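Colleague: A single structure is presented below for examination.
The values are calculated or read from the model by the stated rules, or taken from the named source; none is laboratory data. On a predicted model such as this, the values are computed, not experimentally measured, just so you know. With ideal geometry, Cβ positions are generated from the backbone for all residues, glycine too; neighbour counts draw on all protein chains shown. Quick note on the areas: whole protein, heavy atoms, side chains included, nothing else; ligands and nucleic acids left out. Shrake-Rupley method; radii C 1.70, N 1.55, O 1.52, S 1.80 Å.
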Amino acid sequence: MASKEHNGGLLIEDVKMFFRHSCKAKYVGSLNEKLSVKQRELIARTPFWWFMSLNHSVKISRNLLPVLCYRWVERRGGFAIGREVVEFNLLDVCLGLGLRVLGEKIDISDDDEDSDCRKLFSSGKVHVKRIYEFLLEYDNDGGSIELFTSLYILLGIYEFLLPNRDEIVFPKIFKLVDDLQSIGKYNWGNLVYDYLVGSLCSASRALKYESNTSHIHLFGCVYMLQLWSFDHIFVCNATFNCDKSKFPRLLHWMNIKVGDKLVKSSFDKELAINEVVVCNEELGYEFVREAFQTFGTSYNRSIDKENEELKHLVENEEREIAELEAVLSHLEDMVAKKEEHNRTEGDGKDDPHDDGNDEEEGDVGVHYTVNDPASDVEGDDSAADDVDVGQQSNMYDRMKSQPRKRIKSRAIRMPFAGFGSRRKTKLLTLG
């Protein structure tokens, strides 16, 4: 059924849109019950040795695909969890499926039919079911063990790793499984990843933008998406009783059932692990070390990286503290010099309003200084600008200190009116 996100939660609407896939282990699981000892020994020497552990319990949660398809961010190559995009990369494929993610690239579009395995079937398209039926009828006693192993690996690849809707086997893979000695040199993990991501991008666009779509069919190993969810999402929200020391990680997750309740509660919390940690047991495999050095991190490297980041952070903090202390010291010196300068100026000047009398008993021993607005004029440093309101003053003292400037107005410009010295002269003459 169709699904759409709203405020971080998954809402299932009454629209008929179904999610389907072809990833299963039905045929391989059935053959695993009939493998001989020699067949098992030869299969165990190939990169696909873990095929022998697959069974019918390998199933994906029905509601997990809609959630992941909607949260897929194509340009970032990851899933939107909370405010971050958690990457889905080749290291996840390497750890989850035990496949090499470096090596010679595989081009499945190459129609090379010159293969010993391909000659066993009639011309035309070869379906997965036809290979399964051939292996069921194969004579284990008289037949070639190498040929059986090649077809067994081919069946597992196209039933579980590269399944498609039509269950058709690409001719190129026939040629690759012919030579069991060199099968490990190819980059199988990258092929599985590209095939799955291509289908995931198409499904995500159809879910978000194509409202008329009635169903969505995903190709590729969609079970890898559930393995990714275990490592990045589910482990943050639940406790699982399983042996987590197995490799690939598929082997310890495939028997754990994922219910709809776990899917909903886990994604509603918006919690995730950004990078998976590679343990020492996994680093014992050469192809894991290759993937780790190229795409991922280990516990020790993550700790060293965190320590290095903390070291740089502490160094930056200490440098900033030293700079602040230098600035503070400079400011303190400036304040001290300013106070000393003010103190020196205060000792060398006499207060013009000080008549030498001490404060009488009962007077408040605090003097307040009021600045005359005229003293704000630049260049006026007269000591008479300060008036001590703690002492009694009179108009004569204030006018003597700073007489008021008088300007002759047009309104009183008459022959017998005047100001200043002219008026004083007349007064002296009359006297």
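Colleague: If you check 329, 375, which single one turns out to be at pLDDT 80 or above, over 30 Å from residue 89 (Cβ atoms) and of a type in the set (S, T, N, Q)?
Modeller: Numbers: 375 fails: at pLDDT 80 or above.
So the residue among 329, 375 that is at pLDDT 80 or above, over 30 Å from residue 89 (Cβ atoms) and of a type in the set (S, T, N, Q) is 329.
Colleague: Checking the structure you have, find out if any residue of region 49-64 is open to solvent by less than 50 Å² (accessible area, probe 1.4 Å), more than 23 Å from residue 132 (Cβ to Cβ) and either part of a helix (DSSP H, G or I) or free of Cβ contacts under 8 Å to residues at least 12 places away in the same chain (or both).
Modeller: yes
Colleague: Considering only region 114-126, I want to know if a residue exists there that is closer than 19 Å to residue 221 by Cβ and not acidic (Asp, Glu).
Modeller: Taking every residue of region 114-126 in turn, none turns out to be closer than 19 Å to residue 221 by Cβ and not acidic (Asp, Glu).
Colleague: Report, by residue number, each residue of region 65-79 that is open to solvent by less than 30 Å² (accessible area, probe 1.4 Å) and on the phi < 0 side of the Ramachandran plot. Quick ask: steps written out before the conclusion?
Modeller: Applying the first criterion (open to solvent by less than 30 Å² (accessible area, probe 1.4 Å)) to region 65-79 yields 65-69, 71-73, 77-79.
Result: 65, 66, 67, 68, 69, 71, 72, 73, 78, 79.
Colleague: Of all residues in region 162-206 being within 21 Å of residue 98 (Cα to Cα) and among the hydroxyl-bearing types (Ser, Thr, Tyr), which is nearest to the chain's Cα centre (by Cα)?
Modeller: Among them, the one singled out is 193.
Colleague: Further question on the same structure: Is there a residue in region 88-99 that is closer than 20 Å to residue 207 by Cα and either of a type outside the set (Gly, Ala, Ser) or open to solvent by less than 30 Å² (accessible area, probe 1.4 Å) (or both)?
Modeller: yes
Colleague: Oh, and also: On the basis of being open to solvent by less than 10 Å² (accessible area, probe 1.4 Å) and part of a helix (DSSP H, G or I), does residue 42 make the cut?
Modeller: No, not satisfied.
Colleague: Next question, about the same structure. Output the helices (runs of 4 or more DSSP H) that fall wholly within region 188-283 and possess 3 or more residues being within 20 Å of residue 91 (Cβ to Cβ), open to solvent by less than 20 Å² (accessible area, probe 1.4 Å) and modelled with pLDDT of 85 or more, or say none.
Modeller: The helices (runs of 4 or more DSSP H) meeting that bar are 188-209, 223-232, 250-253.
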